[in-house]
Amino acid sequence: MSGDAVLAMPGLPALMTQALAASGLAVRGLNEGALEEIGALVVSGGVKLDPAFVDSLPKLKLIAVHGVGYDGVDVAHAKARGVAVSNTPDVLTEDVADLGLALVLATLRGVPDAERFLRAGEWAKGGRSPLTRRVTGLRYGVLGLGRIGRAIAARLAPFAGEVAYHSRRPVPGVDYRYAPDARTLAASVDVLVVATPGGPETRGLVNAEVLEALGPDGVLINIARGEVVDQPALIAALDAGRLYAAGLDVFDGEPVVPQALLDHPRCVLTPHVGSATVEARTQMADLVVANLKAGLAGEPLLTPVG
């Protein structure tokens, strides 16, 4: 093992910082010690890492991303600098897919509003909670059939009328109907679940045109990245009744959430907690530490990017 230090960037979850503290590695915070000694850094997935900051670390060998998404890291720039990048795939797939399913159910059945209705004493006063939407038999579309998208589709299939998907290309070995683009997929389903990676290529992929195709009875679910959805277009569609409802775990500009989404009666919102289970976060932290130890020792990474 080299004597290089590990820089823990701000915003890491508690289980990750605890795993770093117990790892035996020389771990430092952003303002602790000289940057010249940093051989690896750990950053949360989705957090934007400035390439100029990467350039300021002359001994840097590895950027270990705590998360499956690494769109906050300029991978091409890192590799040009001879810096490897790792992430934490697979260990969070099932938990993120579970939350995707939970958002589908909670949004269509209006679970949060029904609970608020009950807790406010309206049921006891003789009130009736508003009618909601049936889940079974609807047409579901998954935008992005990677690991998480496939896990979501598998959860939807037992009660769906149909499952369709769009990815950059058809995925071999799946029976779901393939749509050639996001708009075509949206036009042919009742519920669109966004599970595509983030980054410049997918920013604004779910735009006003896609939302218009989904239609006034359509439901949007996003467990990918907030910027994949054109947020102003989403708000406009919800406000105008051109979209029925939305279930969102991610937001463009998070942790700030637009008031229009907070106020909308048919929005179910969670604070980017797709992987926030004890099991997933423990396995993610363990995988980050394993990649750090391998990278600093000059050994192959367990889960390299690219």
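The values are calculated or read from the model by the stated rules, or taken from the named source; none is laboratory data. Computed from a predicted model, the values in this text were never measured in an experiment. Reconstructed Cβ throughout: ideal geometry from the backbone, glycine too, with neighbour counts over all protein chains shown. Only protein heavy atoms, including side chains, enter the accessible area calculation; ligands, DNA and RNA are left aside. Shrake-Rupley method; radii C 1.70, N 1.55, O 1.52, S 1.80 Å.
Per the helix-only calculation at 222 nm, which mean residue ellipticity applies to the chain, given -39500 (n - 2.57) for every DSSP H run of n ≥ 4 and division by its residues, nearest 500 deg cm²/dmol?
On the way: 11 runs with 101 residues, N = 306.
Here the helix-only value at 222 nm equals -9500 deg cm²/dmol.
So for segment 1-160, taking the charge dipole from beta-carbon charges (+1 Lys/Arg, -1 Asp/Glu), which of ALA22, LEU60, PRO89 sits furthest toward the positive end?
Ranked along the dipole, the leading option is PRO89.
Peptides 96-105, 118-127, 25-34: what's the order by average Cβ count within 10 Å, highest mean first?
96-105, 25-34, 118-127
Which whole-Hz couplings ³J(HN,Hα) result when phi for each residue of segment 35-45 is put into the Karplus expression 6.51 cos²θ - 1.76 cosθ + 1.60, θ = phi - 60°, listed in order with x for Gly and Pro?
Using θ = phi - 60°, the values come out as 5, 5, 8, 7, x, 8, 9, 10, 9, 5, x Hz.
Under 12 Å between alpha carbons, and skipping anything fewer than 8 positions from LYS293 in its own chain: which aspartates and glutamates qualify?
Answer for LYS293, where 12 Å is the Cα cut-off: ASP4, listed by chain and number.
Just the Cα atoms of segment 42-136: what Rg and Dmax do they give in Å?
So, for segment 42-136, Rg and Dmax equal 22.4, 69 Å respectively.
May I ask you to give the solvent-accessible area per residue for the chain, in square angstrom, as obtained with a 1.4 angstrom probe?
47
Taking the Cα atoms of segment 119-221, what is the range of coordinates along each of the three principal axes, in descending order and whole Å?
Here the Cα extents, ordered largest to smallest, are 54, 30, 22 Å.
Residues with amide H under 5 Å of VAL27's amide H, sequence separation 5 or more or different chain, H placed in the peptide plane at 1.01 Å from N; which?
When sequence neighbours closer than 5 places are left aside, the close amide H contacts are VAL6.
So how exposed is THR17, as accessible area in Å² (1.4 Å probe, rounded to 10)?
Accessible area of THR17: about 60 Å².
Can you tell which of LEU131, LEU262, LEU292 shows the greatest fluctuation in a Gaussian network model of the chain with Cα springs below 10 Å?
LEU131
Could you tell me the relative contact order of segment 158-201? Use alpha-carbon pairs under 8 Å, at least six residues apart, and round to a whole percent.
Working: 26 pairs, mean separation 14.5, N = 44.
In percent, rounded to a whole number, it is 33.
What is the dipole size for the chain, taken about its Cα centre, with +1 at each Lys and Arg Cβ and -1 at each Asp and Glu Cβ, in debye to the nearest 20?
Details: 27 positive and 33 negative charges, 125 e Å.
That gives a dipole near 600 debye.
Determine ³J(HN,Hα), in whole Hz, for all residues of segment 252-259 in sequence, where each value follows from phi through the Karplus function 6.51 cos²θ - 1.76 cosθ + 1.60 and θ = phi - 60°; x replaces Gly and Pro.
Each residue's phi maps through the Karplus curve to give 6, x, 4, x, 6, 10, x, 4 Hz.
Mind computing the radius of gyration and Dmax over the alpha-carbon atoms of segment 165-306? Å is fine for both.
Using the Cα atoms of segment 165-306, the pair Rg, Dmax is 17.9, 57 Å.
On C-alpha positions alone, give me the angle between the axis of helix 93-109 and the longest principal axis of the chain, in degrees, nearest 10.
On a 0 to 90 degree scale, this one is about 20.
May I ask for log10 I(q)/I(0) of segment 205-286 at q = 0.15 Å⁻¹, from a Debye sum over the Cα atoms as equal point scatterers with solvent left out?
With no solvent term, the Cα-only Debye profile gives -0.53.
What is the chain's relative contact order, in percent, from Cα pairs under 8 angstrom and six or more apart in sequence? Walk me through the numbers before you get to the answer.
On the way: 594 pairs, mean separation 57.2, N = 306.
Once divided by the residue count of the chain, the mean separation gives 19 percent.
Given C-alpha coordinates of the chain, what is the ratio Rg to Rh with the Kirkwood estimate of Rh? Intermediate values should be presented prior to the final figure.
Details: Rg = 21.1 Å, Rh = 20.7 Å.
The Rg/Rh ratio comes out at 1.02.
On the protein heavy atoms, probe 1.4 angstrom, tell me the percent of accessible surface of the chain carried by carbon and sulfur. Walk me through the numbers on the way to the answer.
Numbers: 7850 of 14270 Å².
Carbon and sulfur together cover 55 percent of it.
Applying a 10 Å radius around every beta-carbon, put 141-148, 196-203, 230-237 in order of their mean neighbour count, most first. Mind dumping the intermediate values first?
On the way: 141-148: 25.2, 196-203: 16.6, 230-237: 19.4.
Going by the mean number of other Cβ atoms within 10 Å, highest first, we get 141-148, 230-237, 196-203.
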